[in-house]
Amino acid sequence: DAGVTQSPTHLIKTRGQQVTLRCSPISGHKSVSWYQQVLGQGPQFIFQYYEKEERGRGNFPDRFSARQFPNYSSELNVNALLLGDSALYLCASSLGRVPTDTQYFGPGTRLTVL
Amino acid sequence: KQEVTQIPAALSVPEGENLVLNCSFTDSAIYNLQWFRQDPGKGLTSLLLIQSSQREQTSGRLNASLDKSSGRSTLYIAASQPGDSATYLCAVLGNQFYFGTGTSLTVIP
């Protein structure tokens, strides 16, 4: 079975631009979470979506938004990019909304903002 | 707010040695604790998940323990191999996942 997939692998943008990152969960998984990992740090929670609704949000500005589609795939959008948004963006899927479910991570999208 | 700390930040050991990685957290109200492995520039691979009601989990050469009352977890790696070289992250699940900053492990052949 395919794992969590993310696209694109790498992305280079300039300040002020907008970016959309995509994630496809493991087949049968209904929950998708997004994380930002700055170099040398652990991942920071951004959003969790379950059954197309936002179920959790971390401490990120409104420039960050996301949505989940009927097939449970998800997009993360970041507007008005700042240099500090440069990071590895990770998507994780889990079976349901239950907090005790194991999360499975994708390979990430490396975003560089110049 | 939950804070997760991992010590040491980096560790270098000769091949074959047994080692222990440490993780501490400030809020014991957690659902579970998960250990991950991350290779450079890559995503996270789940190694072990310990539910809050459990004390330890084992998978092959890996053993993870959890002491919720003291806010501590350890990851024990037996007979280390060069392929174990990676960054090891622990994460606790409360109202969201909180990650530590990781321990970078190098196993020298």
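Since every read-out is calculated from the coordinates, none of them should be taken as a lab result. Note that the coordinates shown come from a computational prediction; the quantities given were computed from them, not determined experimentally. All Cβ positions, even for glycine, are placed from backbone atoms using ideal geometry, and neighbour counts span all protein chains on display.
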(message) Please compute the average number of Cβ atoms from other chains found within 10 Å of each residue's Cβ in peptide B:97-103.
(response) 5
(message) How big is the stretch B:36-87 along each principal axis, measuring the range of its Cα positions in Å and listing the largest first?
(response) 33, 24, 16
(request) Name the long-range amide H neighbours of B:G94: under 5 Å, sequence gap of 5 or more, or other chain; modelled H, no Pro or chain starts. (result) B:Y31
(message) Give the average, rounded to an integer, of partner chain Cβ atoms located within 10 angstrom of each Cβ in B:15-23.
(response) 0
(request) Output the peptides A:48-58, B:93-103 sorted from most to least packed, where packing is the average of other Cβ atoms within 10 Å over each peptide's residues. (result) B:93-103, A:48-58
(message) I need A:L82, A:L39 ordered by Cβ neighbour count within 10 Å, fewest first.
(response) A:L39, A:L82
(message) If you average the alpha carbon positions of the stretch B:34-51 and of the stretch A:18-78, how far apart do those two centres end up, in angstrom?
(response) 18
(request) Between B:T26 and B:A79, with labels modelled 7 Å along Cα→Cβ, what's the label distance in nm to one decimal, could you check? (result) 4.1
(request) Would you kindly give the portion of the calculated P(r) for the protein assembly as shown that falls above 22 Å, as a percent of all Cα pairs? (result) 51
(message) Full-extension gain between A:H10 and A:L83, please, as 0.36 nm times their residue separation minus the C-alpha to C-alpha distance.
(response) 24.7 nm
(request) Work out the mean other chain Cβ neighbour count within 10 Å for the residues of B:81-91 and drop it here as an integer. (result) 1
(request) Please list the equivalent ellipsoid semi-axes of the stretch A:17-114, computed as the square roots of five times the alpha-carbon gyration tensor eigenvalues, in descending order and whole angstrom. (result) 22, 14, 12
(request) Please name whichever of A:A87, A:T112, A:S73 sits farthest to the positive end of the charge dipole of chain A, dipole taken about the Cα centre and charges placed at Cβ: Lys and Arg +1, Asp and Glu -1. (result) A:T112
(message) Give me a comma-separated list of calculated 3J(HN,Hα) values for the stretch B:34-42, in order, Karplus coefficients 6.51, -1.76, 1.60 applied at θ = phi - 60°, integers in Hz, x for any Gly or Pro.
(response) 10, 9, 10, 10, 10, 7, x, x, 10
